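Participant: Below is one structure. I have some questions about it.
The values are calculated or read from the model by the stated rules, or taken from the named source; none is laboratory data. Keep in mind it's a predicted model, so treat the numbers as computed, not measured. Because the Cβ atoms are built from the backbone with ideal geometry, glycine has one as well, and the counts that use them run over all protein chains shown.
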Amino acid sequence: MAVGFFWASVLLSVFFVVLALDIMGLFNRKNYFQVDGKTVVITGGSQGMGRGLGKLLAQKGANVVIVARNKAKLESALEYISGAAVKSTQRFHFISADVTKAEENDRIICEVTEWNHGQAPDIVWANAGMATPSFLIDTSVDVLRQQMDINYFAAAFLAQSTLKAWINSPALKDVDKKSLSSVPARHFIMTSSSAGLVGVAGYSPYSPAKAALRNLSDALHEEVQFYNGARYHVSGAAAPEIKIHLVCPGTISTPGHVEENKTKHPVTVVLEEGDPVQTEDEVAAVAVKELERGYYFIATNFLGKAMRASALSGSPRNNWFIDTVFSWVTSLVWLFVQPDMDGKAWKYGKTHGLGNTKSQAAQ
């Protein structure tokens, strides 16, 4: 037993050393997400994480287009983002649109392409979303549909419009099939949520839409391999590789989070107690850093990374060794965490009774 314990300790120590070195980027120094001089579209770009992303990408030399509905917020956000530009040649633009409508997403890509001198955008980030947390029985049918529209269909429609534009784009000039691997990839990124990885009481109107987004991302990741392979067929046109990514942030201190708390049930507050809270800039920095490392499935804090590891299933791995071992560890951790969360919800119901089903803010 002592010998077994010794080797188990050695293996665990090696795991944490490798994990630390991987986090520091020792094993992967190439930048897989180069944005300097590229045109980036960000929906939900007028505030919160979208605004933070716009600022960070501007600091990295990108041309940025932000999309939202409120023109006043867009104008303010664009001034903030453009102020972070590092080159006089960078360009910035905003589009007011309702991304829950399929035709509006077509319009966004067409308008950006025209603004971008006839070239489709290089990077499109489906970041629009909002949470209206409550218990399912307290949620109207209209809100349930609205949550699916803004948190799932907005991204699905944008993905469809973007992929059509990329696949039907004219062939690259002066590029042969042998040198395609050296052409910078195009990236389509979706912002999901750690709430889509683990069910939490009080998020039933919201988290299923984010969970659906994760499955859409996995499916698209495989679908684009068909297009990427077809580039090399004798009849294929020279085109950049297409990459799909999924980003799952946790709690972000934004105006949207303030709105969330207005409908949040008190038991949800109890279950979230102690969860890390990040600023829009912190979330943007982690997301972009991991995109630069070539990651597909990204969480922005340690709790989110643990939730991601426990929910990997058939999703592509960022790092086969780290993800595999981390998933083993978290599968054991959840044997204790899940009963604890269930127990907290049960205890709250026993203490406060069935009559107390409304949000904490409404009391």
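Participant: Among the residues of the range 57-74, is there at least one that is modelled with pLDDT of 95 or more, closer than 30 Å to Phe326 by Cβ and either small (Gly, Ala, Ser) or surrounded by 12 or more Cβ atoms within 10 Å (Cβ to Cβ) (or both)?
Facilitator: Within the range 57-74 (the criterion being modelled with pLDDT of 95 or more, closer than 30 Å to Phe326 by Cβ and either small (Gly, Ala, Ser) or surrounded by 12 or more Cβ atoms within 10 Å (Cβ to Cβ) (or both)), the answer is yes, since at least one residue qualifies.
Participant: Let me ask something additional. So which pairs qualify, if the first residue must be in the range 79-95 and more than 17 Å from His117 (Cβ to Cβ), the second must be among the β-branched types (Val, Ile, Thr) and surrounded by 16 or more Cβ atoms within 10 Å (Cβ to Cβ), the Cβ gap must be under 6 Å, and the two must be at least 6 apart or on different chains?
Facilitator: Ile81/Val64; Phe94/Ile66
Participant: Where residues in the range 150-183 are in a helix (DSSP H, G or I) and charged (D, E, K, R), which of them is farthest from Ile242 (Cα to Cα)?
Facilitator: Residue satisfying both the conditions and the ranking: Lys178.
Participant: Name the residue, out of Val10, Val17, that is part of a helix (DSSP H, G or I), at pLDDT below 60 and surrounded by fewer than 13 Cβ atoms within 10 Å (Cβ to Cβ).
Facilitator: Just a single option satisfies the conditions, and that option is Val10.
Participant: For the range 316-351, which residues satisfy the criterion of being closer than 30 Å to Ile137 by Cα and in contact (Cβ under 8 Å) with a residue 24 or more places away in the chain? First the steps, then the outcome.
Facilitator: Taking the range 316-351 first, the residues closer than 30 Å to Ile137 by Cα are 334-351.
Once the filter is applied, which keeps residues that are closer than 30 Å to Ile137 by Cα and in contact (Cβ under 8 Å) with a residue 24 or more places away in the chain, the range 316-351 yields Trp334, Met341, Lys344, Ala345, Tyr348, Gly349.
Participant: Would you say Ile167 is surrounded by fewer than 17 Cβ atoms within 10 Å (Cβ to Cβ) and either modelled with pLDDT of 90 or more or of a type in the set (Lys, Arg) (or both)?
Facilitator: Against the criterion (surrounded by fewer than 17 Cβ atoms within 10 Å (Cβ to Cβ) and either modelled with pLDDT of 90 or more or of a type in the set (Lys, Arg) (or both)), Ile167 qualifies.
Participant: Which numbered condition trips up Val198, out of (1) in a helix (DSSP H, G or I); (2) among the β-branched types (Val, Ile, Thr); (3) in contact (Cβ under 8 Å) with a residue 60 or more places away in the chain?
Facilitator: Single failed check for Val198: (1).
Participant: May I pose another question? Only residues that are charged (D, E, K, R) and either over 17 Å from Val247 (Cα atoms) or touching a strand residue (DSSP E or B) at 6+ places or on another chain (Cβ under 7 Å) (or both): list them for the range 295-343, please.
Facilitator: Residues satisfying the conditions are Lys305, Arg308, Asp340, Asp342.
Participant: On to the next question. Tell me, please, whether a residue that is surrounded by fewer than 19 Cβ atoms within 10 Å (Cβ to Cβ), farther than 19 Å from Phe297 by Cβ and free of Cβ contacts under 8 Å to residues at least 24 places away in the same chain can be found in the range 206-221.
Facilitator: The answer is no; no qualifying residue exists.
Participant: In the range 95-135, which residues are closer than 30 Å to Val267 by Cα and among the aromatic types (Phe, Trp, Tyr)?
Facilitator: Here is the first cut: in the range 95-135, the ones closer than 30 Å to Val267 by Cα are 127-135.
Selection gives Phe135 alone.
Participant: Taking the range 27-37, which residues are in contact with a strand residue (DSSP E or B) (Cβ under 9 Å, 6 or more places away or on another chain) and either aliphatic (A, V, I, L, M) or surrounded by fewer than 20 Cβ atoms within 10 Å (Cβ to Cβ) (or both)?
Facilitator: Tyr32, Val35, Gly37
Participant: Quick check, is Ser193 crowded, with 21+ Cβ neighbours inside 10 Å, of a type in the set (Ser, Thr, Tyr) and either at positive phi or in contact with a Pro (Cβ under 7 Å, 6 or more places away or on another chain) (or both)?
Facilitator: Against the criterion (crowded, with 21+ Cβ neighbours inside 10 Å, of a type in the set (Ser, Thr, Tyr) and either at positive phi or in contact with a Pro (Cβ under 7 Å, 6 or more places away or on another chain) (or both)), Ser193 qualifies.
Participant: Any residue at all in the range 133-149 that is in contact (Cβ under 8 Å) with a residue 40 or more places away in the chain, in a helix (DSSP H, G or I) and either touching a Lys or Arg at 6+ places or on another chain (Cβ under 6 Å) or exposed (fewer than 13 other Cβ atoms within 10 Å of the Cβ) (or both)?
Facilitator: Yes, the range 133-149 contains a residue that is in contact (Cβ under 8 Å) with a residue 40 or more places away in the chain, in a helix (DSSP H, G or I) and either touching a Lys or Arg at 6+ places or on another chain (Cβ under 6 Å) or exposed (fewer than 13 other Cβ atoms within 10 Å of the Cβ) (or both).
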